[in-house]
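The values are calculated or read from the model by the stated rules, or taken from the named source; none is laboratory data. Note that the coordinates shown come from a computational prediction; the quantities given were computed from them, not determined experimentally. Here Cβ is always computed from backbone atoms with ideal geometry, including for glycine, and neighbour counts include all displayed protein chains. Just the protein is used for accessible areas: all its heavy atoms, side chains included, with ligands, DNA and RNA removed. Shrake-Rupley method; radii C 1.70, N 1.55, O 1.52, S 1.80 Å.
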Amino acid sequence: MSIDRRGDRAGADFRRAIDEWGSSEPDRRSLDAFERFRARRLTIRRFVAGVVAATITVASIVLVTRAFAPVERSPASHADPRGVILYGDWDAELQQGRWYTVRPNGSARRDLGLTATCAVWFPDDSAILTTDDASAAAGHRLRPAVVDPDGSNLRRLDAVRNRDLNLGCGDVSPDGSTIAVEGFGQEGHPELDGIYTIDASDGGSLERLLAGQVATPSYSPDGSRLSYFDDKEGVTPTGSGALFVMRADGTHRVRITPWGFAFDDHAWSPDGRWIVFQRPFGRLYLVRPDGSGLHRIPIELPPGTGALNPSWSPEGAWIAFSLQRGERAEITLVHPDGTGLKTVPTAPGELQNPDWATASAS
């Protein structure tokens, strides 16, 4: 099914829900804004998978089938990956993920009972930053929320009272005090789009760092910089754009990839020397925060598959990503030099957005 048809179906579902709920006009505007937010993220998420799947030939079907059997090519000199990986099992109907944690060897898999657009660990692994999609689907403003590592005790960060502003996905500063998020306005308020910071305690102290329809800010390990994704008209392929880095106060914005060279998903290495990102179509690249050293990670992916949503292990020896073909994806691990490709044994699904924490998170 094409991206456009997915979007149309999702839009129809939301419009039906609005009519059934008998929402007031402000609630309708909240739902419309929430729908646009998820449709934008869905377009970025899905476009690469659709293009890759369209290139599959009959001769490659056997190879693709093998892609989802566990593979082990890790050199003996590398230690086995440790820690806990947070990931979402994406539901195309809901346009949300059901979130789980698992060890890299596939053990200790835990259903967090959390359904949301996005989720990432706090730097000290003491909690998970997510989005309060349930309240947004009921017509309220979208806001970040915090849950315990087992998925319990959801706390909505709702100190910001602007009814025209929604706050979505983002990242937590290394000291755990501040959250950087993508913000977007209600219908008729595009001037509110941008990157914002809020207090991690209650969501207050709103500050806007950057204007525009930009996505998913991410803190550098020392907290001095933020990276983010941006796009513009005329850039191809559809949904692609460029990565930028700026100071944590929103100044000194620098583009670090060519236009059309990146999708939204990216992550800083623990030492702050590299950023891993997804390039069209389904290939992983590394670049330094100043834009130098751009190169592809030489992963031998099977035909018809694509690598999405990269994330570093806490010690920097591994990169986790989603290996996707069509409607199926598995969490996969690889060293930054492209060696050691292996899958994380889990239940089947469309597994997305891995985020790695230390073993203390379990």
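For this structure, a couple of remarks:
- Residues in the range 131-174 that are among the aliphatic types (A, V, I, L, M) and surrounded by fewer than 16 Cβ atoms within 10 Å (Cβ to Cβ): 134, 138, 159.
- Failed criterion for residue 266 (all others in (1) within 16 Å of the chain's Cα centre (by Cα); (2) open to solvent by less than 10 Å² (accessible area, probe 1.4 Å) hold): (2)
- Among the residues of the range 205-229, the ones that are open to solvent by less than 10 Å² (accessible area, probe 1.4 Å) and either free of Cβ contacts under 8 Å to residues at least 24 places away in the same chain or not in a strand (DSSP E or B) (or both) come to 2 in all.
- Test set (1) touching a Lys or Arg at 6+ places or on another chain (Cβ under 6 Å); (2) part of a strand (DSSP E or B); (3) not aromatic (Phe, Trp, Tyr) - residue 187 fails condition number: (2)
- Check on residue 158, among the charged types (D, E, K, R), modelled with pLDDT under 95 and under 16 Å from residue 129 (Cβ atoms): yes
- The residues listed here are 245, 181; of these, the one that is in a strand (DSSP E or B), under 24 Å from residue 311 (Cβ atoms) and touching a Lys or Arg at 6+ places or on another chain (Cβ under 7 Å) is 245.
Listed here are the residues, each with its yes/no results for (1) in contact with a Leu (Cβ under 9 Å, 6 or more places away or on another chain); (2) of a type in the set (Val, Ile, Thr); (3) surrounded by fewer than 21 Cβ atoms within 10 Å (Cβ to Cβ).
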position: 294; (1), (2), (3): yes, no, yes
position: 297; (1), (2), (3): yes, yes, yes
position: 303; (1), (2), (3): yes, no, yes
position: 306; (1), (2), (3): yes, no, no
position: 312; (1), (2), (3): no, no, no
position: 320; (1), (2), (3): yes, no, no
position: 331; (1), (2), (3): yes, yes, no
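- Output for the range 97-111, where each listed residue is crowded, with 17+ Cβ neighbours inside 10 Å and touching a residue at least 60 places away in the same chain (Cβ under 8 Å): 97, 100, 101, 102, 103, 104
- Any chance residue 354 is under 17 Å from residue 99 (Cα atoms), at pLDDT below 95 and not small (Gly, Ala, Ser): no
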